[in-house]
Amino acid sequence: MAGEKNFQINISRRLGEMLVSSKFIDTKQLHDALEAQRAKGGKLGHLLIEKGYISEKQLLSFLSEQFSIEFVDLAGKDINEKVLQIIPENIARRYNLIAVEKKDNILKVAMEDPLNIVVLDDLKMMTGYEVKPVFGSESDIAIAIDKFYGTKSSKEALDEILRKTNTQEEDIAVVEDDKSEFGDDIISLEGKGESAPIIRLANLILSSAINAHASDIHIEPTYKETRVRFRIDGVLHSQPAFPKKFHNAIISRLKIMANLDISERRLPQDGRTKLMVKDREIDLRVSSLLCGPGEKIVMRILDSAGLKLKLEDLGFEPENLAIFSKCIKEPHGISLITGPTGSGKSTTLYSALATLNDPSVNIVTIEDPIEYNLEGINQVMVNTGIGLTFAAGLRSFLRQDPDVIMVGEIRDRETIDIAINAAMTGHSVFSTLHTNDAASAITRIGMMGVEPFLTSSTLIMVVAQRLVRIICENCRETYEVKPELLGSLSIRKSFIDNNLKNGKIILSRGKGCDICANTGYKGRVGIHEILEINDEIRALISAKAEVSKLKAAGIKNGMLTLRESVVRKLFQGDTTVEEVVRVTGSDVD
């Protein structure tokens with residue numbers, strides 16, 4: 001630090017000597033300014049102006065001539081609004097600069113320090129223009145920013161945003177609930193009291209998302225504003241954006257709530273917190289990621305009140321429910337749930353465990369993270385920082401006399417090897433994989449290096465699943481569809497013929513209303529494809545059969561594909577043709 005300070009003083013001395021040589025100041029004035037710089041730091045030019053030895057415009061004119069950089073007098077200057085909007089207000093205020101002119105691909109920017117190469121590079125990347133820096137008076141730039149961008153204080157601007165919402169102020173005030181059984185980790189989103197505007201805005205976003213039954217909140221910066229999106233029923237919906245100048249403050253507030261390092265903005269971080277909303281406990285998972293325009297936050301909302309633990313509520317078709325209920329009760333073996341992130345795999349696993357949960361059964365789980373707490377089940381959370389991985393936890397479970405083991409996800413060879421060993425020694429193992437359909441899970445296990453005979457001898461069933469949106473009951477309507485149009489969706493002719501009514505197909509859809517936010521959908525339900533491992537499938541696994549042969553054998557033995565499962569719900573009036581295509585577009589027989 002001392003070396004850096006001395007370097008700065010040496011630079012200042014050379015500038016001062018140039019000013020003395022040009023007779024703008026004398027030697028004594030330079031000496032006084034350098035002594036002040038040693039004592040309290042700061043730029044030499046600012047100190048000379050502060051002491052009255054030189055005017056700001058004299059200094060800028062001198063620097064303009066020395067460095068061959070234009071000086072622009074902003075006093076009374078008009079700036080085109082389109083030019084002004086090229087640089088966001090928060091950037092203009094942070095670096096005290098303002099765009100003054102654009103010609104072709106060149107953007108002229110008045111700056112207090114036009115020699116700051118880092119800022120110039122950032123402006124070039126941000127705007128896409130070649131940036132031509134010019135000198136501008138520090139005070140004139142600040143006045144111009146207030147004049148052209150507006151002079152509202154942050155509090156006034158935030159108050160205006162909050163007034164435009166339908167949420168009452170008392171519904172979003174933050175109250176630290178120290179008396180809660182959850183300790184300081186709980187943040188109350190309801191109740192009256194005065195809160196800082198940023199805290200109010202953060203809690204407005206959270207309250208709105210929870211009331212909308214969103215599963216995720218995305219807070220992401222663009223170059224002009226901060227965009228907010230809620231994932232509702234599996235689809236992202238845009239919410240009112242807010243000015244970019246509040247972005248860093250709102251991100252810091254959310255990171256504080258999740259016990260994240262607010263000073264670290266380069267590396268991704270993950271954290272959690274608990275919220276109390278109208279006596280409801282909400283678990284919030286928070287993930288931060290640095291993107292081009294700034295730091296993005298994604299929050300996963302886990303509401304235990306919305307957790308469905310009855311198998312009958314998960315959307316299983318009758319034959320699938322019978323197979324699933326039978327297989328989860330097998331005393332030993334592996335049951336796998338597959339599907340992409342957000343397809344409801346955890347809910348299905350929790351429902352299976354809840355069905356098996358009994359004082360006579362020892363159930364242990366290792367999860368990353370624990371999404372919901374289940375009474376009577378021993379749940380362990382992965383902690384890679386201390387070496388508690390899925391494999392390490394699973395290995396230790398075998399010494400805990402378990403009957404049922406749930407592993408949040410099988411990610412590597414070590415974990416699947418221990419799971420197979422547990423299944424072969426008399427334990428029932430449940431876990432998840434990321435594959436597109438049930439048959440692909442067997443190939444995925446083989447790619448991990450597991451011998452086919454081990455897979456065939458331990459696997460009980462593989463369930464592939466997705467979530468489809470349900471038509472809103474409040475705005476439901478029926479309409480007719482020509483049978484040939486459904487044939488183009490690769491729907492089996494037998495399905496279509498069995499649902500003909502007077503030669504017509506009657507389907508349902510939602511018109512859109514206030515209750516469903518004009519989407520036509522309200523809620524989601526699961527669709528499932530269950531590959532039960534029988535003797536024929538075992539033989540194919542041992543022979544390293546291709547996925548297509550495994551799937552064909554499953555269908556021959558009565559397996560409903562994901563497409564057939566969602567088509568059942570289409571003809572029952574639960575969902576729409578659009579959902580069939582969106583969710584199972586690649587699952588064509």
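The values are calculated or read from the model by the stated rules, or taken from the named source; none is laboratory data. This structure is a prediction, so every number in the text was calculated from the model and none was measured. All Cβ positions, glycine included, derive from the backbone under ideal geometry; neighbour counts span all protein chains shown. Each accessible area value is taken on the protein alone, full model and side chains, heavy atoms only, with ligands, DNA and RNA left out. Shrake-Rupley method; radii C 1.70, N 1.55, O 1.52, S 1.80 Å.
Observations, loosely collected:
- For region 212-221, the tally of residues that are open to solvent by less than 50 Å² (accessible area, probe 1.4 Å), more than 15 Å from residue 202 (Cβ to Cβ) and out of contact with any Lys or Arg (no Cβ under 7 Å at 6 or more places or on another chain) stands at 1.
- Complete set of residues in region 362-409 that are part of a helix (DSSP H, G or I) and either under 30 Å from the mean Cα position of the chain (by Cα) or among the hydrophobic types (A, V, I, L, M, F, W, C) (or both): 384, 385, 386, 390, 391, 392, 393, 394, 397
- The helices (runs of 4 or more DSSP H) located wholly in region 519-589 that include 3 or more residues which are touching a residue at least 60 places away in the same chain (Cβ under 8 Å) and closer than 19 Å to residue 311 by Cα occupy 562-571.
- Members of region 64-76 found to be modelled with pLDDT under 80 and crowded, with 16+ Cβ neighbours inside 10 Å, listed by number: 64
- Residue 124 being open to solvent by 30 Å² or more (accessible area, probe 1.4 Å), at pLDDT 85 or above and out of contact with any Gly (no Cβ under 6 Å at 6 or more places or on another chain): yes
- Per the conditions (1) at pLDDT 95 or above; (2) open to solvent by 20 Å² or more (accessible area, probe 1.4 Å); (3) of a type in the set (A, V, I, L, M), the sole criterion not satisfied by residue 462 is (2).
- Hey, residue 493 in contact with a helix residue (DSSP H, G or I) (Cβ under 8 Å, 6 or more places away or on another chain), charged (D, E, K, R) and open to solvent by 20 Å² or more (accessible area, probe 1.4 Å) or not: yes
- So residue 384, is it surrounded by fewer than 18 Cβ atoms within 10 Å (Cβ to Cβ), modelled with pLDDT under 90 and closer than 28 Å to residue 303 by Cα: yes
- Residues (under 23 Å from residue 436 (Cα atoms) and either open to solvent by 30 Å² or more (accessible area, probe 1.4 Å) or touching a helix residue (DSSP H, G or I) at 6+ places or on another chain (Cβ under 7 Å) (or both)) located in region 355-368: 368
- Test: residue 485 is without any contact (Cβ under 8 Å) to a residue 24 or more places away in the chain, touching a strand residue (DSSP E or B) at 6+ places or on another chain (Cβ under 9 Å) and open to solvent by 40 Å² or more (accessible area, probe 1.4 Å): yes
- Looking at 392, 352, 439, 423, just one residue is crowded, with 22+ Cβ neighbours inside 10 Å and more than 22 Å from residue 331 (Cα to Cα), and that residue is 439.
- The set of residues in region 259-298 that are surrounded by fewer than 18 Cβ atoms within 10 Å (Cβ to Cβ), of a type in the set (Ser, Thr, Tyr) and within 25 Å of residue 238 (Cα to Cα) contains only 287.
- Residue 204 meets each of the listed conditions (1) under 30 Å from residue 520 (Cβ atoms); (2) open to solvent by less than 50 Å² (accessible area, probe 1.4 Å); (3) of a type outside the set (Gly, Ala, Ser); (4) part of a loop (DSSP other than H, G, I, E, B) apart from (4).
- Just one of the listed residues (78, 32) is within 45 Å of the chain's Cα centre (by Cα), on the phi < 0 side of the Ramachandran plot and not hydroxyl-bearing (Ser, Thr, Tyr), namely 78.
- Only one of 553, 545, 517 that is in contact with an Asp or Glu (Cβ under 9 Å, 6 or more places away or on another chain) and buried (at least 16 other Cβ atoms within 10 Å of the Cβ): 553
- Restricting attention to region 100-118 and to residues that are touching a residue at least 24 places away in the same chain (Cβ under 8 Å) and closer than 22 Å to residue 56 by Cα, the residue that is most open to solvent (accessible area, probe 1.4 Å) turns out to be 115.
- Restricting region 316-335 to residues that are of a type in the set (Gly, Ala, Ser) and open to solvent by 10 Å² or more (accessible area, probe 1.4 Å), the residue that is nearest to the chain's Cα centre (by Cα): 325
- In region 222-250, residue modelled with the lowest pLDDT [restricted to those that are assigned to a helix (DSSP H, G or I) and open to solvent by less than 50 Å² (accessible area, probe 1.4 Å)]: 244
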